[in-house]
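Read the structure below first, then the notes.
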Protein chains: 2
Amino acid sequence: MKPYSQLSKDELLSMRSELEVKFNEVKAKGLSLDMSRGKPAAAQLNLSNGMMDVLNSQCDLKSEEGVDCRNYGSLDGIKDAKRLLADMSEVSMDKVIIYGNSSLNVMFDTVSRCMTHGVLGHTPWCRLDKVKFLCPVPGYDRHFGITEYFGIEMVNVPMLPTGPDMDIVEKLVSEDDSIKGIWCVPKYSNPQGISYSDETVRRFAHLKPAAPDFRIFWDNAYSIHHLYDDDPDVILELLEECEKAGNPDLVYKFISTSKVSFPGSGVAAVAASSANLADFKKHMKYQTIGHDKLNQLRHVRFFKDMDGMREHMRKHAAILRPKFEAVLQVLDSELTGLEIGNWIAPKGGYFISFDALDGCAKAIVAKAKEAGLVMTGAGATFPYGKDPADSNIRIAPSFPTPEELAIAADIFVTSVKLVSIDKLLENK
Amino acid sequence: MKPYSQLSKDELLSMRSELEVKFNEVKAKGLSLDMSRGKPAAAQLNLSNGMMDVLNSQCDLKSEEGVDCRNYGSLDGIKDAKRLLADMSEVSMDKVIIYGNSSLNVMFDTVSRCMTHGVLGHTPWCRLDKVKFLCPVPGYDRHFGITEYFGIEMVNVPMLPTGPDMDIVEKLVSEDDSIKGIWCVPKYSNPQGISYSDETVRRFAHLKPAAPDFRIFWDNAYSIHHLYDDDPDVILELLEECEKAGNPDLVYKFISTSKVSFPGSGVAAVAASSANLADFKKHMKYQTIGHDKLNQLRHVRFFKDMDGMREHMRKHAAILRPKFEAVLQVLDSELTGLEIGNWIAPKGGYFISFDALDGCAKAIVAKAKEAGLVMTGAGATFPYGKDPADSNIRIAPSFPTPEELAIAADIFVTSVKLVSIDKLLENK
C-alpha cells in the first residue's frame, strides 16, 4: 500500500467514504468490546481454579517452619512463600518480604512511607519543597497516578528500544537532588513490551544520583509473562548488578502473582537490600500484624516451586499468544506501508503499544468508542494523562475472546484510518 | 484475708519465705507459658476450618452482582461482603467499604492518609506543627504504636467504668484544635473489657471539636465477641448518634473478622458517613485495584449472614469463657481482700486488666517471666509504653489451654504477692 500522505485529496476523500460505510455497518451492530485494561480472561483464571482445592479443612495448615497459617504472626511472610517469590524475583530468600494481595498496593505504601518517614533516615519527602520522579514514557498509568496523588512532579523520559533513554536518566539524576525515584517496568514494559537491554540495566546499577535517597522503583510485573516460551526475553537481575556496582541500596524491586494466579487474590513481594528491607519492616510492624498466610500457603501448595509456576505460565501464554497475534495480524495486514502508525510486536506482557500520527490518538479512541470498542483513554500512558504528541494508544488484548478481538482490531484499524485521513486532509 | 498493708513486717517476711518456696518450685519446672497477646487458640481456629471448604474449583465464584471474584475490580468490596459486614457494623450497606485482611492496617492507612492528604480537604497533618491524639488509658498498644510512629503527640485520658472520662475529652477537644483524633475500643475495651455507656456514646456524638478535621477512631474490635451470649453488652451505634447530633462526619468505625474467622486471613471494613467514605475511596483508587474478593466470598459463603456469624461466635465463647473464668477464679480466690490489686471481670473481648499497687507492674511481669510466664510488657497499655503509675498489666487468657492457664494464673498471683510484699516492706 501507498503511504496515505502520498495520496491526493480526492483519493483520501474517496477512501474515507468507503471506510465510513464499513464503519457505520459495524457501528449499527451495537457491539460492546473492551480492550482497555490488562485484565486476564476467564479462560486464564480457570487455569488457577485448582488453587481453590489445595487447602481444605482436613489439610495441614502449617508452614514449613511450623507456623499455623491460620493465626497471627509471620510479619514478613512464611518461609515457603519467601522461597517461591524469591525464586520468582531471582534473588535469595533473605532479600524478600512477602506482602498482601497486590504489588500496586506495596508501591503506593512505599511512596507513602517515603513521604512520611523518608528513606533510610533521610528527610521525609513531605518536608521537602520539591520531589520529582522520572517517568519513562509511555508507561503505566497507575504508577503515574500514585506519584501524582502524592504531589510528586513527574518528568517524562523517552523510551528507546533498549529501555529508558539512559543518557537523559543519568544526566537528570546526577544533577538534580530533588529527583527521588524512577518508575520502571523492565521486562515486557507497559505498554510497549520492551525489555531493558543489559547495558540499560548496568547503567541503572551504576547511577550516581545527587539524592542519597533516590530509588529505582523496579516493577517487574511481567517477569515470567512470556508469550513465546522458546524465545523469552531475559534481563539482568538488577539487585545483583547494583551490588556489583557498589550501589546495593539503589533499588526496590516489586513483583506479584496477580497475573499468575488470581488478580486481587495473589501474593506480592518486595526484593531489596538488607538495609532497605529493614526500612520496610520498621514501617510494616506498625502497619499490620501480618498478611494473609493462608493465601501464601495456597500459592505454594498449588505451584510447588518455580518449575511449577513456569509450567503454569506456559498455559497462560497458550491463551494469550493467539490474541496478541490476532491483533498484530490485523495491524500488519491493514496498516503496513500506510505510514499512519507504528507498533512493536511484543514477546510478553499484556499490551501492544500503538503510535498514531501526532494529534490523532484521542480522536481514534473516541472513534472506536462510537462503534462500541472501549480502549485505554488516550494520554493515559503519560504522566498527568497528557501525551504531548497525542499519539500513543495502549491496546490490551487479554480480556476479549479471539472472536471479539478480530472484530475489535478491525474497528480499531478502521478508526485509525478514518482519523488519519481527516488529519491528512487538514493540510491538503 | 487481711489486707497486706495491715500485716506486720515479720508477717510479710514470713509470708514471703513461703511464697518464695512455692515460686521456686514452679520455676524449677522450666515452664513456657504465654499470656501476652490476644491470640486465638487452635481450638478457636478449628471452628473456622470449614471456611477452607466453601470455595472449590467446581464452585460458582461470582458475587451476587455477578462479579467474577477471581478477577480485578470491586474496589470497595463485593455486595455480598458489604451486606455481611454492614450488618456486623450495625449500619446500612451504603455506609461501608470492605478492605483487606486487617482493620489495624486500615487504621494505619487512615492515619497515614490524614498525614499526607488531610481530612475532607483540610490541611494534611504532616504540614501542621503539632498533631495530638487523645488516648483513653489503659488502651491498645498497637493503636498507640501507630500514632507514635507518625509523630503524633498522645494525651492520656483516664478510663472510667463508663468509658473514657468524657468531661476531660469534651474539654480538651473543644479547646485545642491540634487534637485531631481519639482512639476508642468502645465495646469490651482492650484491655479492661469496659463497654461504653449510652451517655458516653451520646457525648461522643455531641462533641464540638475545635478542629474541623477531628475524628473519632472507633475500633469496634470486639463488637460480637461476647463471653456470655445470654448477657451481652450492648452499646449505642455511634454513626446513627452522630447523625442525630448533626455531626455525621465525626467518626470512622473499624471492624474486622480477624477474631471471628482467621487472624491474618479475615476481612476488614470501615463504616462512615458518605462524605468520609468518598474521602477513603479517593485514596483507595490509587492504592489498589481491589482487595481479595475470593476471601470476601469465602466469608460470606461460610457465615451466610449475621445469624450465622452470631452462632459461630457462641462457639468461640464456649472455648474462651472457661479460660477467662479460670483466671478470674484464681484472682478471686487468691487476691480478694489483700488490697494488692484490682481487676474487672469482663463480659467479652480478649483481656483481663489488672491494676497492681503503684510501682509494681514492671516487677510483676519480670517476676512472672522468671517462672516461664510471658505477660504483655508492663506499660504497653499506655502511650509511649509508659504507665505513669507502673500499675497496669494486661492478661490475655485466649491462647493457652485451660490446664496451662491454671498454672499461669497461679504463677501470676504468686508474682503479684511477692512483688507487693517487697513494695510494702519498703515502708516498714
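So B:ASN247 ticks every box in (1) out of contact with any Asp or Glu (no Cβ under 7 Å at 6 or more places or on another chain); (2) in a strand (DSSP E or B) but one. Which box is left unticked?
With (1) out of contact with any Asp or Glu (no Cβ under 7 Å at 6 or more places or on another chain); (2) in a strand (DSSP E or B) applied to B:ASN247, the lone miss is (2).
Starting from residues that are more than 19 Å from B:SER57 (Cβ to Cβ) and surrounded by fewer than 23 Cβ atoms within 10 Å (Cβ to Cβ), keep the ones in the range A:288-302 and report whichever is farthest from the other protein chains (Cβ to nearest Cβ).
A:ILE289
Across the range A:209-265, what is the number of residues that are touching a helix residue (DSSP H, G or I) at 6+ places or on another chain (Cβ under 9 Å), at pLDDT below 95 and within 16 Å of A:ALA317 (Cβ to Cβ)?
Qualifying residue count for the region: 1.
Working carefully through the options B:GLY246, B:GLY264, find the one that is away from chain A (no Cβ under 14 Å) and at positive phi.
Just one listed residue meets the conditions, B:GLY246.
When you go through (1) within 23 Å of A:GLY308 (Cβ to Cβ); (2) out of contact with any strand residue (DSSP E or B) (no Cβ under 7 Å at 6 or more places or on another chain); (3) surrounded by fewer than 21 Cβ atoms within 10 Å (Cβ to Cβ); (4) free of Cβ contacts under 8 Å to residues at least 40 places away in the same chain one by one for A:VAL54, which number turns out not to apply?
(4)
Pick out the one residue from B:ILE411, B:ILE395 that is crowded, with 23+ Cβ neighbours inside 10 Å, in contact with a helix residue (DSSP H, G or I) (Cβ under 8 Å, 6 or more places away or on another chain), within 24 Å of B:VAL260 (Cα to Cα) and touching a residue at least 60 places away in the same chain (Cβ under 8 Å).
After ruling out the rest, the residue left standing is B:ILE395.
Name the residues in the range A:73-116 that are within 21 Å of the chain's Cα centre (by Cα) and in a loop (DSSP other than H, G, I, E, B), would you?
A:GLU90, A:VAL91, A:TYR99, A:GLY100, A:ASN101, A:SER102
Go through (1) crowded, with 23+ Cβ neighbours inside 10 Å; (2) facing another protein chain (nearest Cβ under 7 Å) one by one and return the number of the condition B:ILE255 breaks.
Looking at each condition in turn, B:ILE255 falls short on (2).
Quick one: count up the residues across the range A:259-282 that are outside any strand (DSSP E or B) and either out of contact with any Phe, Trp or Tyr (no Cβ under 8 Å at 6 or more places or on another chain) or among the hydrophobic types (A, V, I, L, M, F, W, C) (or both).
Final tally of qualifying residues: 15.
In the range A:246-262, what residues are of a type in the set (D, E, K, R) and in contact with a His (Cβ under 7 Å, 6 or more places away or on another chain)?
Within the range A:246-262, A:LYS259 is the sole residue that qualifies.
State yes or no: is A:ALA406 outside any helix (DSSP H, G or I), of a type in the set (A, V, I, L, M) and either within 30 Å of A:GLN6 (Cα to Cα) or touching a helix residue (DSSP H, G or I) at 6+ places or on another chain (Cβ under 7 Å) (or both)?
No.
Taking the range B:155-174, which residues are more than 14 Å from B:ARG203 (Cβ to Cβ), hydrophobic (A, V, I, L, M, F, W, C) and surrounded by fewer than 19 Cβ atoms within 10 Å (Cβ to Cβ)?
The one that is more than 14 Å from B:ARG203 (Cβ to Cβ), hydrophobic (A, V, I, L, M, F, W, C) and surrounded by fewer than 19 Cβ atoms within 10 Å (Cβ to Cβ): B:VAL155.
When A:VAL234 is evaluated against the numbered criteria (1) aliphatic (A, V, I, L, M); (2) without any contact (Cβ under 8 Å) to a residue 40 or more places away in the chain; (3) within 25 Å of A:LYS180 (Cβ to Cβ), which criterion, by number, is the only one it fails?
Answer for A:VAL234: the failing condition is (3).
Might you check whether a residue that is of a type in the set (A, V, I, L, M) and either over 19 Å from A:GLN296 (Cβ atoms) or not assigned by TED's automatic domain parsing to the domain that holds A:GLY266 (or both) occurs anywhere in the range A:74-84?
Checking the range A:74-84: not a single residue is of a type in the set (A, V, I, L, M) and either over 19 Å from A:GLN296 (Cβ atoms) or not assigned by TED's automatic domain parsing to the domain that holds A:GLY266 (or both).
Looking at the range B:38-69, which of the residues that are more than 24 Å from A:LEU297 (Cα to Cα) and of a type outside the set (Gly, Ala, Ser) is farthest from the other protein chains (Cβ to nearest Cβ)?
Only one residue tops the list, namely B:GLU64.
Evaluate the following for A:ALA81: is it crowded, with 23+ Cβ neighbours inside 10 Å and in contact with a helix residue (DSSP H, G or I) (Cβ under 6 Å, 6 or more places away or on another chain)?
For A:ALA81, the condition - crowded, with 23+ Cβ neighbours inside 10 Å and in contact with a helix residue (DSSP H, G or I) (Cβ under 6 Å, 6 or more places away or on another chain) - is met.
Just to be sure I understand, how many residues within the range A:391-403 are more than 15 Å from A:PRO346 (Cβ to Cβ) and either part of a helix (DSSP H, G or I) or touching a Ser or Thr at 6+ places or on another chain (Cβ under 9 Å) (or both)?
Number satisfying all stated conditions: 3.
Quick grid of which residues meet (1) more than 21 Å from A:TYR222 (Cβ to Cβ); (2) buried (at least 17 other Cβ atoms within 10 Å of the Cβ):
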position	(1), (2)
A:THR336	yes, no
A:LYS347	no, yes
A:SER353	no, yes
A:CYS360	yes, yes
A:THR381	no, yes
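For the range A:117-226, list the helices (runs of 4 or more DSSP H) that sit wholly inside it and hold at least 3 residues that are more than 28 Å from A:VAL260 (Cα to Cα) and within 14 Å of chain B (Cβ to nearest Cβ); which are they?
Qualifying helices (runs of 4 or more DSSP H): none found.
Out of all the residues in the range A:271-283, which are within 14 Å of chain B (Cβ to nearest Cβ) and touching a helix residue (DSSP H, G or I) at 6+ places or on another chain (Cβ under 9 Å)?
A:ASP279, A:PHE280, A:LYS282, A:HIS283
For A:GLU240, only one of the following conditions fails: (1) closer than 27 Å to A:ASP305 by Cβ; (2) over 14 Å from the mean Cα position of the chain (by Cα); (3) part of a loop (DSSP other than H, G, I, E, B). What is its number?
Failed condition: (3).
Out of curiosity, is B:SER112 within 10 Å of chain A (Cβ to nearest Cβ) and free of Cβ contacts under 8 Å to residues at least 40 places away in the same chain?
Against the criterion (within 10 Å of chain A (Cβ to nearest Cβ) and free of Cβ contacts under 8 Å to residues at least 40 places away in the same chain), B:SER112 qualifies.
The values are calculated or read from the model by the stated rules, or taken from the named source; none is laboratory data. Owing to the predicted nature of the structure, the values given are computational and were not obtained by experimental measurement. Please note: Cβ atoms are built from the backbone with ideal geometry, for glycine as well, and neighbour counts cover all protein chains shown.
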